[in-house]
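**Q** Once you've had a glance at the structure underneath, I'll fire off some questions.
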Amino acid sequence: MGKIIAIMSGKGGVGKTTLTAYMGAALNRRGHRVLITDADFGMRDLDLVLGKENDIFFDAIDIWKERCNKDNAILPLRAGFDFLPATQSRRWEDVGRKGYGKLIKKIAKSYDYVIIDAPAGIGRGNEAIFRVVEQLLLVAEPMWVSLRAVQRVMQLCHEERLFNYGLVLNNVGRSEAAVPVEEALQSLQVENIGTILPHSTNILTWSQAGVLHEECDGAIDTMMDPLLDYIESDTAWAEEDVLTRWNTLVAANTDDETDDSDSEIDKTSVSEGESNLSSSVNTKVTATTADSEVAVAEPGVTAAKVATEEDTLEAVDEVVKTEEQPIEEPPKKLSFGSLLKRRFTSFWTRGGRLR
Ligand SMILES: Nc1ncnc2c1ncn2[C@@H]1O[C@H](COP(=O)(O)OP(=O)(O)OP(=O)(O)O)[C@@H](O)[C@H]1O
Ligand SMILES: [Mg+2]
């Protein structure tokens, strides 16, 4: 029987589905037969990132209830890589936990790995999944809400006596407000660090396009190695080795950075075409003739109104000038590398542990 792995997070929206699809494809590229399955009954989403939303006629519950055979419900993605969708019409509350376990174990006979995309929260679905899995991957973003949710799932792992779990710190570099990597790891004190994955705009694009399982992102693949090794061997890389790989990736990205702050400012500069003639907001406009100033419009008054009856339109065109407004420099956009490198000392953790 193949190894059954689940991807959990406690908190929603942190990358379970993304990891299920991407990691499933990566394992398959290493030569394994892989099935990925959505256990988010009533709220499925794995089908979307795989572009299979219009191909689903049967689902996991139909196999279990013997309304179809498994080949009717399982959708091939490529050779040795399949997808079993979740039911959309029932929720976990309506589904027997034992029955689900039996079904997954039966299906796992035809694969090397079955990867379950677990629902968010710690409800009934996850109770059922705890009973059937051999290994758990806990996904967290480096944000306190997410880290605390994972900590809660870790408690459940201990209650369920499931100790083969590892952490995947995902989407690192997405937010300036994120907890630094070392601090996030220290706060959770997880024995097994599966990997650390960077924020990647490719992931967003490919998920939207429904081709996440077909594409490869260099940075993500670099950091997939420790995770795939952990899955294959049940032994995680040493934390310092994962961190070394991560820091090397960060350094490479930082070196690649080019300072584009000038062009950022250029883009926000007022171009000639954006004459304040059409602007009526907070602009002090002075209309003058060749010799003298004739009118000053207060903020909220358009330049067109400034033109007095005596002024010819041409004269106005020529002389209307906007008092130079200091151009506010936009905040310097933090690059991927600098976001990753930021070091914060947080007052949210006490003694290196979340409370
Ligand atoms: N490493 C990443 N880089 C960029 N975007 C990411 C990354 N991981 C996840 N995302 C994006 O974050 C969003 C949430 O991811 P995903 O749907 O995988 O989370 P989830 O945990 O499955 O959510 P839910 O609990 O709602 O099912 C998606 O838009 C996804 O594309
Ligand atoms: Mg999901």
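The values are calculated or read from the model by the stated rules, or taken from the named source; none is laboratory data. All figures in this text were calculated on a predicted structure; none of them were measured in a lab. Positions of Cβ are generated from backbone atoms using ideal geometry, with glycine treated the same way; all protein chains shown enter the neighbour counts. The accessibility values were calculated without ligands, DNA or RNA, using every heavy atom of the protein model including side chains. Shrake-Rupley method; radii C 1.70, N 1.55, O 1.52, S 1.80 Å.
**Q** Within the bounds of the range 5-19, is there any residue that is more than 17 Å from the chain's Cα centre (by Cα), among the polar types (S, T, N, Q) and buried (at least 24 other Cβ atoms within 10 Å of the Cβ)? I'd like the intermediate steps shown before the answer.
**A** Initially, the range 5-19 is screened for residues more than 17 Å from the chain's Cα centre (by Cα), giving 5-6.
Still in the running and among the polar types (S, T, N, Q): none.
No: the range 5-19 contains no residue that is more than 17 Å from the chain's Cα centre (by Cα), among the polar types (S, T, N, Q) and buried (at least 24 other Cβ atoms within 10 Å of the Cβ).
**Q** Just one of THR37, THR20 is of a type in the set (Ser, Thr, Tyr) and either more than 11 Å from ligand 2 (Cβ to nearest atom) or in a loop (DSSP other than H, G, I, E, B) (or both); which is it? Show your work before the answer.
**A** Numbers: THR20 fails: either more than 11 Å from ligand 2 (Cβ to nearest atom) or in a loop (DSSP other than H, G, I, E, B) (or both).
Exactly one residue qualifies, and that residue is THR37.
**Q** Report, ordered by the first and then the second residue, all pairs with beta carbons closer than 6 Å, sequence separation of six or more or different chains, a first member in the range 190-210 that is away from ligand 2 (no atom under 16 Å from the Cβ), and a second member that is among the basic types (Lys, Arg) and open to solvent by 30 Å² or more (accessible area, probe 1.4 Å).
**A** HIS199/ARG174
**Q** Scan the range 147-169 and tell me whether some residue there is within 14 Å of ligand 1 (Cβ to nearest atom), in a strand (DSSP E or B) and not acidic (Asp, Glu).
**A** Among the residues of the range 147-169, at least one is within 14 Å of ligand 1 (Cβ to nearest atom), in a strand (DSSP E or B) and not acidic (Asp, Glu), which makes the answer yes.
**Q** Which residues, counting only those in the range 187-219, are among the aliphatic types (A, V, I, L, M) and in a helix (DSSP H, G or I)? Reasoning before the result, please.
**A** Filtering the range 187-219 down to residues among the aliphatic types (A, V, I, L, M) leaves 188, 190, 193, 196-197, 203-204, 209, 211-212, 219.
Result: LEU188, ILE203, LEU204, ALA209, LEU212, ALA219.
**Q** Which of the residues that make up the range 1-17 are within 13 Å of ligand 2 (Cβ to nearest atom) and of a type in the set (Lys, Arg)?
**A** LYS11, LYS16
This table checks each residue for (1) of a type in the set (Ser, Thr, Tyr); (2) modelled with pLDDT of 95 or more.
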{"position": "GLY2", "(1), (2)": "no, yes"}
{"position": "MET8", "(1), (2)": "no, yes"}
{"position": "GLY13", "(1), (2)": "no, yes"}
{"position": "THR20", "(1), (2)": "yes, yes"}
{"position": "GLY24", "(1), (2)": "no, yes"}
{"position": "ILE36", "(1), (2)": "no, yes"}
{"position": "GLY42", "(1), (2)": "no, no"}
{"position": "VAL49", "(1), (2)": "no, yes"}
{"position": "PHE58", "(1), (2)": "no, no"}
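Quick grid of which residues meet (1) touching a strand residue (DSSP E or B) at 6+ places or on another chain (Cβ under 9 Å); (2) assigned by TED's automatic domain parsing to the domain that holds LYS109; (3) crowded, with 21+ Cβ neighbours inside 10 Å; (4) assigned to a strand (DSSP E or B):
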{"site": "GLY24", "(1), (2), (3), (4)": "yes, yes, yes, no"}
{"site": "MET43", "(1), (2), (3), (4)": "no, yes, no, no"}
{"site": "ILE56", "(1), (2), (3), (4)": "yes, yes, no, no"}
{"site": "ILE63", "(1), (2), (3), (4)": "yes, yes, no, no"}
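**Q** Report yes if some residue within the range 205-217 is at pLDDT 95 or above, in contact with a Gly (Cβ under 8 Å, 6 or more places away or on another chain), open to solvent by less than 50 Å² (accessible area, probe 1.4 Å) and among the polar types (S, T, N, Q); otherwise report no. Explain how you work it out, then say what you get.
**A** Start the filter on the range 205-217 by keeping residues that are at pLDDT 95 or above, which leaves 205-217.
Pick out the ones that are also in contact with a Gly (Cβ under 8 Å, 6 or more places away or on another chain) and you get 209-211, 213.
After this cut, where a residue has to be open to solvent by less than 50 Å² (accessible area, probe 1.4 Å) as well, the list is 210-211, 213.
Subsequent filtering for residues that are among the polar types (S, T, N, Q) retains none.
Within the range 205-217, not a single residue is at pLDDT 95 or above, in contact with a Gly (Cβ under 8 Å, 6 or more places away or on another chain), open to solvent by less than 50 Å² (accessible area, probe 1.4 Å) and among the polar types (S, T, N, Q).
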